[in-house]
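Some notes on the structure that comes next.
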Amino acid sequence: MAYTVSIEEENKEIKKRYKDMLSVTYQTLSKQDKDLIRRAFDVAVDAHKNQRRKTGEPYIYHPIAVAKIVANEIGLGATSIASALLHDVVEDSEDYDFDDIERLFGETIARIVNGLTKISRLNKEQEVSIQAENFRKMLLTLNDDVRVILIKIADRLHNMQTMDSMPDYKQIKISSETLYIYAPLAHRLGLYNIKTELEDLGLKYTEPEVFQDLLTKTKESKEEQNEYIKQFTASIKGALDKENFDYVIKGRPKSIFSIRKKMLNQGVSFDEVYDKFAIRIIYSSELSQEKFNAWKIYSIVTDNFNPNPARLRDWISQPKSTGYESLHTTVMGPKGRWVEVQIRSQRMDEIAEKGYAAHFKYKHANERESGLENWLNKLKETLENPDINAVDFVEQFKLNLYSKEIYIFTPNGDIKSLPKGATPIDFAFAIHTEIGMRCRGARVNGKLVPLSYELNSGDQVEIITSKSQKPKLSWLDMAKTARAKSKIKTALKEEQKTIAEEGKEVLARKLRHIKVPFNEKTINELVDYFKLKTSLDLFYRIGNGAIDNQQLKNYASQRSNAIYNFFKSKIKRADTKTPQHNQPEEITDKFDALVFGKNEEHLDYKLAQCCNPIPGDKVFGFVTVSEGLKVHKQNCPNAVSMQSQFAYRVMQATWIDSSQREFKVLLRITGIDNVGLINEVTRVISNNMHVNIHNINIAGNQGVFEGKIAVSIKNNTQLKKLIDRLKKIEGVDKVERLNN
């Protein structure tokens, strides 16, 4: 629908949105704050006066919306609100530069706007190594001024909220990047509400049909949830009132994204997800009584409902490093259903809702050292390490964003928080770099354990060191934290450089002996001959004896005949005129099942083994570095990472015919065991469906069975029919398709 609004109506709407932006914080702002925000608003209106969004609306709507998120949802002050209003001014207007912003608003706002402008210039489709390096630079602003990242997250949230007018491929790229980096980053900064909305919006564009289906189902179950919360409240209201608690009880629905994740991880349907919402009890309390009152309310809840002892989470005694505090328990509620109950004070609730900003607002009231500040300091140390590879860093950083925490005790009784799955190596580096470097062994709860031992919350760990110990390559597989990995890599690189320097001298001597010149051309040929990446790799392998005299002699004897191409960095996409000569068993036969790009070209491709797509699946093409074009399902476990980091390598892919080819699919089947079940399964597959069985493996155990069946399928429709018919067999409970 065309956008048709008069200038007068637009001006009224701009004023209305400006007032709405300040409606929540207006009472808490000083006159000076209000003047600052008004001046920033006037400059933003002037700078964007000739700009429109893709919908046709005035561009100024966007900075106002970002400032509203910054003020109301993150809870930041006047400096951040003004910076949010100005965040696109320098980027989009020729009338203002950074000197103007500094002159008009001071150094702090100019620095924040400068940081935001640098980030906005990163979102071009660059090569992954440049993207990763720029992302590392962007994260450095966390320490320079964390407000840069907070405003950037608000900016990304509004972009995600208003993406409907964009083409599909851009929606998928931006959504994938959001799910890959921005949602986990919001989570790590304690912005749980924003994280949830980013994830749901990401799912809306990456898997629209799934999103709409779950959205409809959650709306349908809303009334039932409200009725359930009333019943729960009625059971404990009397006891809470008797203790004179000032409290509120409300429901917190699980996000669509988290319900979808649970369905996939547990292999259950929407109706089988039992904890679609949690019950939250928020109480007023003096700071000194908060913990006592939380456990008092817990006692009242568990007096009325039986708790699940394995599902108690105490983040009041030991808050998360994000600053999150709450007491979580799962109880058997009304109607015989498990329900999660979250108990927290108003202060804790504000920190949980607004994250970083609220956490520091209460910092002086709370005597505990800030876990979030510790995390930022560790991150800064990792970021400023010039030796760490940027792409590796982004991968490690991503893993550490969402990791669940465990709490480990030192021999003196101090507590260190580490990601779940951490080992003694991670603990050693968390204490001190030097202890990590010299780590020779560990005692956990008084017993010697290997360095690969997975630590559990509550373990007391003592690190055994030795002056002669040095980091080993195998440590990289044992370490789980970005800090430990980066320190180990730095140490290994230093050792590698020393060995490589010796190797270079050895190589020069050996080449002289076999009468081959020691020059750049020879070194490049040797790097290519031994399939290495750099000359440093070559010298290192000579130095440690991995490349011996005989191998060098073999190179010398072939030198005159062999042609080596050192520059193998670009991939040419094969078309019908210039087919790629891949191994016949690795590449699909020539057929017209898939076409690529807007022009629907026929290209050579392989089907990715990580998700095993078949005709009818929603797919995309991905240009790999060494194996040509690979086809992945849109919901492949690796899709978000690929589409976010390597958008320039992603190609649209469309199925156009699949009648001449069969595809191998693996099914998992479970149910109640009975006589003749396997016969019935094979009969349905072979006789009714005309489908070939590759192999079948079904095992029974005390009345239940589980099995895997590999079959040949022509397309998605045939697969759905097969699954439906298998489900109708007596005793069969579930039939699901596996990726591998």
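FYI, it's all coordinate maths here, none of it is from the lab. Owing to the predicted nature of the structure, the values given are computational and were not obtained by experimental measurement. FYI the Cβ positions are ideal-geometry reconstructions off the backbone, even for glycines, and counts take in every protein chain you see.
Observations, loosely collected:
- Overall form of segment 176-301 per C-alpha gyration tensor (a/c, 1.5; a/b vs b/c): oblate
- On the beta carbon distance between Asn701 and Val24, with R0 = 51 Å, the FRET formula returns roughly 0.30.
- Length gained when the stretch Trp295-Lys31 is fully extended (0.36 nm per residue, less Cα-Cα span): 90.8 nm
- Estimated FRET transfer efficiency (Asp42, Thr4; beta-carbon r; R0 25 Å; 0.05): 0.40
- Here Asn519 and Asp477 are evaluated by their C-beta separation; at R0 = 41 Å the FRET efficiency comes out at 0.60.
- Pairs over the 23 Å Cα-Cα cut-off, from the set Lys230/Lys354; Lys173/Lys195; Lys489/Lys510; Lys173/Lys222; Lys173/Lys204; Lys276/Lys296: Lys230/Lys354; Lys489/Lys510; Lys173/Lys222; Lys276/Lys296.
- Distance between modelled label sites at Asn554 and Glu502, nm, 7 Å Cα→Cβ extension: 2.5 nm
- Diffusion constant of segment 490-558 at 20 °C, which comes from Stokes-Einstein with the Kirkwood Cα-pair radius and 1.002 mPa s, µm²/s: 178 µm²/s
- Exposure proxy ranking, count of Cβ atoms within 10 Å, fewest first, for Leu240, Leu179, Leu189: Leu240, Leu179, Leu189
- Added length on full extension, which subtracts the Cα-Cα distance from 0.36 nm per residue, Asp95 to Lys721: 219.1 nm
- For segment 503-550, the list of trypsin sites (Lys or Arg not before Pro) that fall in a loop by DSSP and count at most 10 other C-beta atoms within 10 angstrom reads Lys515, Lys531, Lys533.
- Extension gain for the segment Lys447 to Ile435, taken as residue separation times 0.36 nm less the Cα-Cα distance, is 2.4 nm to one decimal.
- Spin-label model distance (nm) - Lys728 vs Arg668, 7 Å beyond Cα toward Cβ: 2.6 nm
- Spin-label model distance (nm) - Asn638 vs Cys610, 7 Å beyond Cα toward Cβ: 0.4 nm
- Mean projected area of the Cα convex hull of segment 7-215, taken over all directions, amounts to 12.4 nm².
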